[in-house]
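S.K.: First the structure, then my questions, so here it is.
The values are calculated or read from the model by the stated rules, or taken from the named source; none is laboratory data. Note that the structure is predicted; figures quoted are calculated from it, not measured. Neighbour counts are summed over all protein chains in view; Cβ atoms, including those assigned to glycine, are modelled from backbone coordinates with ideal geometry. Calculation scope for accessible area: heavy atoms of the full protein, side chains included, ligands and nucleic acids excluded. Shrake-Rupley method; radii C 1.70, N 1.55, O 1.52, S 1.80 Å.
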Amino acid sequence: MSEAGLLVALDVDGTLLHEDGSMSDAVIDAARAASARGHRLMLATGRSWETTLPVVEQLGIDPEYVVCANGALVMKRDPAAVGGYRRHLIETFDPSDVLKTIRSHLADGRYMVEYPSGYRRYTVGMTDWNLENAEEVEFDGLLSEPVTRVVVVSPEHDELEFLKIVESMGLHQVAYAIGWTAWLDIAPLGVNKSTALERVREWLGVPLDRVVAVGDGRNDVEMFAWAGASGRAVAMGQAPVEVKDAATEVTGSVADDGLVAVLESL
């Protein structure tokens with residue numbers, strides 16, 4: 001890394017990718033140009049590794065580390081591994097209590113769990129998620145093994161209704177982030193994007209004032225606190241108010257490729 005190089009953590013959905021899953025040429029060009037100037041661009045996402053790798057490849061960057069599952073999984077570049085990366089850090093938890101708690105509040109909830117290997121189990125109705133390397137099971141089939149991540153979808157509720165329900169559950173034993181709509185992403189207690197990124201920063205030896213984070217979701221709030229303490233924390237223009245409030249600055253929306261201005265400013 002050049003002396004002036006920064007560690008730049010980028011969220012995926014709503015930051016790099018538009019709502020339809022596309023990535024603009026302008027974003028790709030700006031990311032590659034920033035990398036060429038000596039900055040370390042990496043991804044920090046709630047996604048699984050299997051759905052993150054294609055984004056890394058499309059973006060055309062070669063990060064040393066990639067943070068997935070909201071910090072519960074960190075991948076490390078390894079040319080000998082399938083896909084060029086191996087699982088370097090894995091955080092797990094027992095999902096049984098939290099799943100039973102949520103089910104008691106969400107009669108029509110749909111559920112998915114992800115294991116350290118990337119394998120998933122899900123209940124009927126999880127039709128909008130990537131279900132490769134996965135199997136459909138009854139609810140009790142989700143409870144038996146430690147997981148890195150739990151996803152809950154509630155098609156009955158809009159985002160505000162869902163927020164109220166989640167707040168009433170008292171999910172103190174796990175960390176959680178609520179997505180764009182009525183879905184809940186659950187990680188091990190004390191684990192989020194910022195905890196994984198701090199480990200990456202230490203592994204790479206990057207000073208705290210040389211970090212930049214860009215995102216748009218509630219699962220980016222801790223990442224913004226981490227980056228914004230000494231560096232830059234940038235919220236996308238369409239982010240919820242509480243996410244913008246956690247950032248040190250706001251850029252344009254993903255629809256307007258707001259990330260481009262951030263990358264060009266590095």
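S.K.: How high is the FRET efficiency between Arg77 and Leu160 when r is their beta carbon distance and R₀ equals 41 Å, given to the nearest 0.05?
M.R.: With R0 = 41 Å, the Cβ-Cβ based efficiency is 0.50.
S.K.: Here's another thing I want to ask about it. Over the chain, how many pairs of lysines fall under 26 Å by alpha carbon, counting only those 8 or more apart in sequence or from different chains?
M.R.: 6
S.K.: Just going by the charge dipole of the chain, with Lys and Arg at +1 and Asp and Glu at -1 on Cβ, which of Gly14, Leu73, Leu204 is farthest out on the positive end?
M.R.: Leu204
S.K.: Towards the positive end of the charge dipole of the chain, with charges on Cβ (+1 Lys, Arg; -1 Asp, Glu), say which of His88, Met42, Gly125 has the farthest Cα.
M.R.: Final value for the positive-end residue is His88.
S.K.: Follow-up. Between Thr248 and Asp108, what is the label-point separation in nm under the 7 Å Cα-to-beta-carbon projection?
M.R.: My value for the distance between the label points is 4.4 nm.
S.K.: Run lengths n ≥ 4 of DSSP H only: what is the helix-derived mean residue ellipticity at 222 nm for the chain, with -39500 (n - 2.57) per run over all residues, to the nearest 500?
M.R.: Estimated from H runs of four or more residues: -8500 deg cm²/dmol.
S.K.: Under the rule a/c < 1.5 gives rounded, and otherwise a/b versus b/c splits prolate from oblate, where does the stretch 99-152 land using the Cα gyration tensor?
M.R.: oblate
S.K.: Relative contact order of the chain: what whole-number percent is it, with Cα pairs under 8 angstrom and at least 6 residues apart?
M.R.: In percent, rounded to a whole number, it is 20.
S.K.: Moving on. With charges set only on the Cβ (+1 for Lys and Arg, -1 for Asp and Glu), what does the dipole of the chain come to about its Cα centre, in debye to the nearest 20?
M.R.: Rounded to the nearest 20 debye, it is 860 debye.
S.K.: Per-residue accessible area for Arg218 at 1.4 Å probe radius, Å² rounded to 10?
M.R.: In the full protein context, Arg218 sits at about 50 Å².
S.K.: Still on this structure: With every protein chain present, what accessible area does Trp183 have (1.4 Å probe, heavy atoms only), rounded to the nearest 10 Å²?
M.R.: Its heavy atoms expose roughly 60 Å² to the probe.
S.K.: Could you tell me whether the stretch 19-79 comes out rounded, prolate or oblate from its Cα gyration tensor? Rule is a ≥ b ≥ c as square roots of the eigenvalues, rounded for a/c under 1.5, then prolate if a/b exceeds b/c, otherwise oblate.
M.R.: Judged from the Cα gyration tensor, the stretch 19-79 comes out oblate (a/c at least 1.5, b/c at or above a/b).
S.K.: Shifting gears a bit: Could you please state how large a percent of the accessible area of the chain is carbon and sulfur, counting protein chains only and using a 1.4 Å probe?
M.R.: Percent of accessible area from carbon and sulfur atoms in the chain: 48.
S.K.: Could you state how much accessible area Asp128 has, in square angstrom rounded to the nearest 10, with a 1.4 Å probe and all protein chains kept in place?
M.R.: 140 Å²
S.K.: Work out, step by step, the length gained on full extension between Leu189 and Ala229: first 0.36 nm times the residue separation, then minus their alpha carbon distance; give nm to one decimal.
M.R.: 12.2 nm
S.K.: Roughly how many debye, to the nearest 20, is the charge dipole of the stretch 106-249 about its Cα centre, given +1 on each Lys and Arg Cβ, -1 on each Asp and Glu Cβ, and no other charges?
M.R.: 600 debye
S.K.: Per residue, what accessible area does the chain have, given a 1.4 Å probe and all protein chains present, in Å²?
M.R.: Solvent-accessible surface per residue comes out at 43 Å².
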